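What follows is a set of notes on a single structure, which appears directly below.
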Amino acid sequence: MSIKKLEPAALNRWVDGILQKQKVYGIQARGDKFVFDQLDRADQLRLDYDVSVTAPKAFLQPPCETLLRFGEKGFESVVESEPFVLFGVHPYDMAAILQMDVVFAEGNPDIHYLERRKNATIVVCDVQNASENVFAGCMGTAVLESGGDVLVTRVGSAYVVESRSARGEALMETIATAPVAGARDLGERKAVWEKNRKLLRRHELKVKPEQLPALLEKSYDHPVWEEKAKRCFSCGSCNLVCPTCYCFNVRDTVSYNLKDGERERVWDGCMLAEFALVAGGHNFRKKKAERYRHRYYRKGKYLHDMHKQIACVGCGRCITACVTKIANPVEIYNRLAEGQK
Amino acid sequence: MISSNTAQPMKDIYLPEPADVLKASPMTALEMFFEFRLASGRELGHMPGQFVEVSIPGIGEAPISISSSPTQKGSFQMVVRKVGNVSGAMHALSAGRQVGIRGPFGTHFPVDGEMKGKDILFICGGIGLVPVRSAINYVLDHRDDYGHVTILFGTKTPADRLFTDEMQRWASAKDVTFMETVDRGDDAWKGNVGVITTLIPKVRLDPARTVAVVCGPPIMYKFVILELDKVGLKADRMYVSLERHMKCGVGKCGHCQVNGLYACQDGAVFKYSDIASVREAI
Ligand SMILES: Cc1cc2nc3c(=O)[nH]c(=O)nc-3n(C[C@H](O)[C@H](O)[C@H](O)COP(=O)(O)OP(=O)(O)OC[C@H]3O[C@@H](n4cnc5c(N)ncnc54)[C@H](O)[C@@H]3O)c2cc1C
Ligand code: SF4
Ligand code: SF4
Ligand code: FES
């Protein structure tokens, strides 16, 4: 696998080359925030971003996607996806994508997700600036040993670019003659990783992530659920921004001729009041505290019971998104841990 | 016409297959009976207690239990209560029309496992009879594989009773005890009055050789289980079917979660001992 060193100008030339051949969704600035959007020129890339507003999962499970079309001919699968590059994904978001990969592939494989995933080449980029609320360092996702197709790390004024898969290798074809990163560059990259593991801890989790399932197991009736949920608006923002949330709703839309239409899947969230409501009015998670608790259990226990991974990667987006400041997982988990020792 | 596109390399778990409506007839003011056949001619291949997702293009999908026994070949049956969009659109169906079907999904009553050789106690409240009917008829069609069969059925009023003809057949079958009750009677009603739990003490059962199958509205379970516990039935001899909001039926959408369990995959039929300590279950 290649491992190259690129000066900023060379990196831009490489990216501009990719742009000629493939659609690239890259990280770029919008005002003082950052988003993944279609890239037109390499110099729009902002690999120094802190966190993207929307998690890059949106390119694999879009907020709204057509699953089926129906009409005279009946139902038809819609699996529309063309090759694309996702450029600048932070390691914690890549960790979340790896979790989604498991969810959509296991049991009953979901071709809509898997096809899009198959078409995605993901360029991971190590964090250069810590966001306001990131705590990936506590969740073991500040740095990723594997995952994604290419890893780009800023070292000094240059970049170390490493391929991590055959697809990444292909993406790096055009920089085959670029200088190979030397031992010093790799040493510096290691230092970046060490630094990120320490720095991406704006909140300090006082327990190890692997202790969370056991901690939650004992905390079902803890007063914190009621206490915090009192201030919850059930707005679902904490679900929406979360890179590991994938729950969805399905709805039909009919075109003007009242014959043809589409069955779409849209993002949904367990914090929304109607998530567990059934016809007839029975709501299986009627109280705010029940929904509030469910979100933490889902992240820290239920999904872990199934996949042995904590479904929180410490991006901190929910902390920022919650207007009433109650969505900080670290605060909750630390609170549960109090009095446990 | 509803047809499916089979050109896809991998199966699309969300793609319904067309089924023809063979029969659609009202049962009560709210419930309608349906008989379907897959347009491909393929057997549905379900087990008692399983459900399918029924699609009405432009309206949506709804999880509906199969009410017929798999011993009945060539078609399958459902009973649908009109409560909203999809169920409402289904009530407008008539023979000759088509719907989309995905499934069968979920677990089933263990007619092929733990129920074999045992006395069976069926306890159904209201529309809970619909999925259990599949198991009752399966058991009666394999009569020698099971011991004594007891069927308890409760509804709000006599007008809500379903499958009254079939109930008469069950009541007169060999080695079957059939008891009914209504919450509120009317002038013509001569039978039991009271909630379904009042029937349980009237049943003679040997807890050591009995398996209970319980299905009804969410509120019913707690009381029935308490009563079964009183007569000495163990939690691992009770099977319940849990209703939840279900969107996908295939373990993806997250809607049907009962704490860490998925009602659409781990259920809808659960062995009670497996969920007795699951806080959101009952
Ligand atoms: C395993 C299972 C088996 C069922 N078997 C039967 C049956 O045999 N006969 C029958 O009449 N009904 C059955 N139901 C209930 C039936 O699914 C609902 O009544 C139906 O989904 C209502 O949809 P609607 O569009 O008519 O109602 P609306 O009020 O228009 O829609 C209700 C909303 O809730 C959603 N929803 C999802 N799951 C459920 C649910 N379980 N109950 C209610 N709403 C739900 C719908 O998709 C929709 O978004 C069963 C439910 C489950 C989970
Ligand atoms: S729970 Fe919050 S911090 Fe954890 S991954 Fe989701 S949005 Fe990020
Ligand atoms: S963002 Fe905050 S207020 Fe909104 S649902 Fe989440 S916890 Fe509640
Ligand atoms: S119905 Fe979607 S996960 Fe169970």
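Laboratory data are not the source of any read-out in this text; all were calculated from the coordinates shown. Fair warning: this is a prediction, and the values are worked out from it, not measured in the lab. Cβ sites come from the backbone with ideal geometry, for glycine too, and all protein chains shown count toward neighbours.
Could you tell me the calculated FRET efficiency between A:Glu173 and A:Glu72, based on Cβ-Cβ distance and R0 = 51 angstrom, to the nearest 0.05?
My answer for the efficiency is 0.65.
Just checking chain A: which Cys have no other cysteine's beta-carbon under 4.7 Å?
Those would be A:Cys64, A:Cys125, A:Cys138, A:Cys232, A:Cys235, A:Cys247, A:Cys270, A:Cys312, A:Cys315, A:Cys322, since no other cysteine Cβ in chain A comes under 4.7 Å of theirs.
Which helices, taking whole DSSP H runs in chain B, have alpha carbons extending 18 angstrom or more along the helix axis plus mean Kyte-Doolittle at least 0.5?
B:218-230
What nm value, rounded to one decimal, do you get for the distance between B:Phe223 and B:Asp274 when each label is placed 7 Å out toward the C-beta?
Calculated label separation equals 2.7 nm.
Taking N as the number of residues in the range B:1-132, what is its alpha-carbon radius of gyration divided by 2.2 N^0.38 Å?
It is 1.08.
Report, in order of residue number, the helices in chain A meeting two criteria: a C-alpha extent of 15 Å or more along the helix axis, and a mean Kyte-Doolittle hydropathy of at least 0.5; treat each whole DSSP H run as one helix.
A:91-105
Which whole-number percentage describes the relative contact order of chain B, with Cα contacts under 8 Å and a sequence gap of 6 or more?
Value for chain B: 17 percent.
Just want to confirm a number: the relative contact order over chain A, from Cα pairs under 8 angstrom separated by 6+ residues, in percent. Intermediate results must be reported in sequence, preceding the final value.
Details: 619 pairs, mean separation 72.2, N = 341.
Relative contact order comes out at 21 percent.
Would you please give the FRET efficiency between B:Arg42 and A:Glu210, computed as 1/(1 + (r/R0)^6) with r the Cβ-Cβ distance and R0 = 56 Å, to the nearest 0.05? Working shown, then result.
Details: r = 47 Å, r/R0 = 0.83.
The formula returns an efficiency of 0.75 here.
Count the DSSP beta bridges whose two residues both fall in the protein assembly as shown, then state the antiparallel fraction as a percent rounded to the nearest 5.
Details: 67 of 104 bridges.
In the protein assembly as shown, DSSP labels about 65 percent of beta bridges as antiparallel.
So between A:Ala9 and A:Asp101, what do we pick up on full extension, going 0.36 nm a residue minus the alpha carbon distance?
29.7 nm is the gain from fully extending A:Ala9 to A:Asp101.
Considering the zone a paramagnetic label at B:Ala95 would reach in this model (a point 7 Å from Cα along the Cα-to-Cβ line), which residues of the range B:53-77 have amide N under 17 Å from it?
Taking a point 7 Å out along Cα→Cβ of B:Ala95, the residues of the range B:53-77 whose backbone N falls under 17 Å are B:74-77.
Across the Cα atoms of the protein assembly as shown, what radius of gyration and what greatest pairwise Cα-Cα distance (Dmax) are found, in Å?
28.1, 95
What is the set of long-range amide H partners of A:Val85 at a cut-off below 5 Å, with H atoms built 1.01 Å from backbone N?
Distant-sequence amide H within range of A:Val85: A:Lys23, A:Val24, A:Tyr25, A:Thr121.
Expressed in nm to one decimal, what extension gain is obtained for the pair B:Val231 and B:Thr198 from 0.36 nm per residue of sequence separation less their Cα-Cα distance?
Stretched fully, the B:Val231-B:Thr198 segment lengthens by 10.6 nm.
What is the fewest-to-most order of B:Asp186, B:Asp112 by other Cβ atoms lying within 10 Å of their Cβ?
B:Asp186, B:Asp112
Mind listing the phi-derived Karplus ³J(HN,Hα) values for the range B:273-279, rounded to whole Hz, using 6.51, -1.76 and 1.60 with θ = phi - 60°, and x for any glycine or proline?
Values per residue, Gly and Pro as x: 5, 6, 10, 4, 9, 7, 5 Hz.
Chain B: D in µm²/s via Stokes-Einstein (Kirkwood Rh, Cα pairs, 37 °C, 0.692 mPa s)?
On the way: Rh = 19.4 Å.
Here the translational diffusion coefficient equals 169 µm²/s.
Looking at chain B, what % of its DSSP beta bridges pair antiparallel, to the nearest 5?
That works out to approximately 55 percent antiparallel.
Most exposed first by the Cβ proxy, i.e. fewest other Cβ within 10 Å, how do A:Asp50, A:Asp32 rank? Before the final figure, lay out the partial values.
Details: A:Asp50 17, A:Asp32 5.
Arranged by neighbour count, lowest to highest, A:Asp50, A:Asp32 become A:Asp32, A:Asp50.
In the protein assembly as shown, with Lys and Arg counted as +1 and Asp and Glu as -1 at Cβ, which of these residues, A:Ala181, B:Phe270, B:Gly154, has the Cα nearest the positive end of the dipole, that is, farthest along it?
Projecting each Cα onto the dipole axis, the largest value belongs to A:Ala181.
Counting other Cβ atoms within 10 Å, which trypsin sites (Lys or Arg not before Pro) in the range A:253-325 have at most 10 and lie in a DSSP loop? Walk me through the numbers on the way to the answer.
Working: sites: A:Lys259, A:Arg263, A:Arg265, A:Arg285, A:Lys286, A:Lys287, A:Lys288, A:Arg291, A:Arg293, A:Arg295, A:Arg298, A:Lys299, A:Lys301, A:Lys308, A:Arg317, A:Lys325; in loops: A:Lys259, A:Arg285, A:Lys286, A:Lys287, A:Lys308, A:Lys325.
Loop-located and lightly packed - A:Lys308.
Please compare each pair in B:Lys11/B:Lys252; A:Lys208/A:Lys308; A:Lys218/A:Lys325 to a cut-off of 18 Å on the Cα-Cα distance and tell me which ones are over it.
Violating the 18 Å limit, Cα to Cα: A:Lys218/A:Lys325.
Quick one: B:Lys82, B:Lys174, A:Lys33, A:Lys5, fewest Cβ neighbours within 10 Å first, how do they rank?
With the sparsest Cβ surroundings first, the list reads B:Lys174, A:Lys33, B:Lys82, A:Lys5.
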